[in-house]
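What follows is a set of notes on a single structure, which appears directly below.
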Amino acid sequence: MANLAQGAAVNRRFGFLENSNGNAAAVNAAAAAALQQQQQQQQTLNRDNRDRKAVEQLLVEITDRDLRENAIYVLSKLFGQAAKRDVIHEMIPLLWHSVGCIAALLQEIVSIYPYLLPPNLSVGASNRVSNALALLQSVASHKDTRLPFLNAHIPLYLYPFLNTTSKTKPFEYLRLTSLGVIGALVKDDDIEVINFLLPTEIIPLSLRAMEAGDELSKTVATFILQKILMHDVGLEYITHAPERFYAVGQVLAKMLTSPNPEQPPSIRLLKNIIRCYLRLSVNPRACEALRDCLPGILREPAISQYFRDDQGCLSSLQQLLRNVYGARKLSFQSGGGLEHLFAG
Ligand code: TRP
């Protein structure tokens with residue numbers, strides 16, 4: 001009896017434990033969910049604190065020659081999560097401001113210069129420097145460190161890597177990670193970045209990477225060119241002299257006519273190429289020149305099947321062809337296989 005009474009009291013107080021009551025079950029589930037959420041938050045908090053401490057420790061270790069290689073490797077993995085985790089992103093300025101850290105990264109970079117020419121770079125050395133470059137990419141991607149990074153002229157340290165032409169793995173990896181740093185710089189359309197990159201001759205270096213690099217390097221290099229062209233100063237720079245325009249046009253065309261027909265350019269690369277051409281076609285003189293040198297493959301019916309799922313890219317291509325060939329010329333050519341692009 002006493003037990004029963006006690007049981008009733010417990011039920012009144014902890015009604016949500018009552019299973020026979022539907023509401024109580026819902027409340028119960030909600031409580032469990034809340035608890036789980038709380039636990040998850042606590043876990044995230046613990047992980048954030050742990051990572052924060054780890055980063056601080058690693059930033060000290062970078063300045064120790066014996067610990068440097070490993071510290072850079074672990075940090076590059078951690079900072080690689082910056083895009084997804086605010087707590088890591090917020091630590092990027094710490095990397096920039098920690099005494100000796102950037103100097104250590106630069107030391108890593110210049111230490112392999114002697115192996116660039118004649119090309120004699122080991123996979124290990126390339127990996128090691130690529131990890132340092134990954135850290136510089138974080139610095140280039142953070143809005144608070146991007147300008148100081150430019151003002152210190154640090155991108156220039158990567159230019160020798162972009163100047164290489166060897167297609168071996170160590171060089172390819174170095175090229176790609178170097179392009180990644182420049183790509184992070186141009187990503188947010190800061191005009192200061194363009195004003196830095198143009199006079200330091202990033203364009204011929206990007207063209208070189210498009211020629212020497214593999215598919216992924218080509219894609220990033222073309223992305224960089226496209227971002228530069230989107231700014232008026234960039235378009236003016238490239239169309240300023242016919243030699244410049246033709247140098248760019250030639251490399252873009254070459255990427256389209258892949259040596260292996262079985263392996264056409266990836267959609268991502270194709271998109272970037274089309275965006276570059278479209279932007280060039282905005283300049284009247286370049287537009288006129290494109291009439292003679294735009295690769296025929298862009299007018300072939302087969303190309304539209306590429307973009308079946310990408311209306312934006314298809315309309316870029318249509319706009320490009322309209323700019324270059326004009327509406328009238330186009331209807332004149334309409335036996336030539338262009339109709340498929342202009343339907344609708
Ligand atoms: N100094 C060269 C120039 O101003 C740089 C350059 C080489 C260049 N190739 C290019 C610039 C292609 C733009 C496009 O012309």
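Worth pointing out:
- Contact map, region 233-246: first residue over 14 Å from residue 204 (Cα atoms) and within 7 Å of the ligand (Cβ to nearest atom), second residue charged (D, E, K, R) and open to solvent by 50 Å² or more (accessible area, probe 1.4 Å), Cβ cut-off under 8 Å, separation 6 or more or different chains; the map is empty.
- Filtering region 247-275 to residues that are surrounded by fewer than 19 Cβ atoms within 10 Å (Cβ to Cβ), more than 10 Å from the ligand (Cβ to nearest atom) and not β-branched (Val, Ile, Thr) leaves 253, 254, 258, 259, 260, 261, 262, 263, 264, 266, 268.
Matching residues to (1) loosely packed, with under 12 Cβ neighbours inside 10 Å; (2) within 28 Å of the chain's Cα centre (by Cα):
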{"residue": "24", "(1), (2)": "no, no"}
{"residue": "27", "(1), (2)": "no, no"}
{"residue": "31", "(1), (2)": "no, no"}
{"residue": "36", "(1), (2)": "yes, no"}
{"residue": "44", "(1), (2)": "no, yes"}
{"residue": "50", "(1), (2)": "yes, yes"}
{"residue": "62", "(1), (2)": "no, yes"}
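- Conditions (1) crowded, with 20+ Cβ neighbours inside 10 Å; (2) touching a helix residue (DSSP H, G or I) at 6+ places or on another chain (Cβ under 6 Å): number failed by residue 82: (1)
- Hey, residue 220 part of a helix (DSSP H, G or I), open to solvent by less than 10 Å² (accessible area, probe 1.4 Å) and away from the ligand (no atom under 15 Å from the Cβ) or not: no
- Matching residues in region 114-152 - criterion: being open to solvent by 60 Å² or more (accessible area, probe 1.4 Å), in a loop (DSSP other than H, G, I, E, B) and in contact with a helix residue (DSSP H, G or I) (Cβ under 8 Å, 6 or more places away or on another chain): 119, 122
- Looking only at region 192-213, and only at residues there that are away from the ligand (no atom under 11 Å from the Cβ) and open to solvent by 70 Å² or more (accessible area, probe 1.4 Å), the one that is farthest from residue 164 (Cα to Cα): 192
- Of the numbered criteria (1) modelled with pLDDT under 95; (2) assigned to a helix (DSSP H, G or I); (3) of a type outside the set (Lys, Arg), the one residue 59 fails is (1).
The values are calculated or read from the model by the stated rules, or taken from the named source; none is laboratory data. All of these numbers come straight from a predicted model, not from anything done at the bench. Glycine also receives a Cβ, built like all others from the backbone with ideal geometry; neighbour counts cover every protein chain displayed. SASA here: full protein model, heavy atoms, side chains in, ligands and nucleic acids out. Shrake-Rupley method; radii C 1.70, N 1.55, O 1.52, S 1.80 Å.
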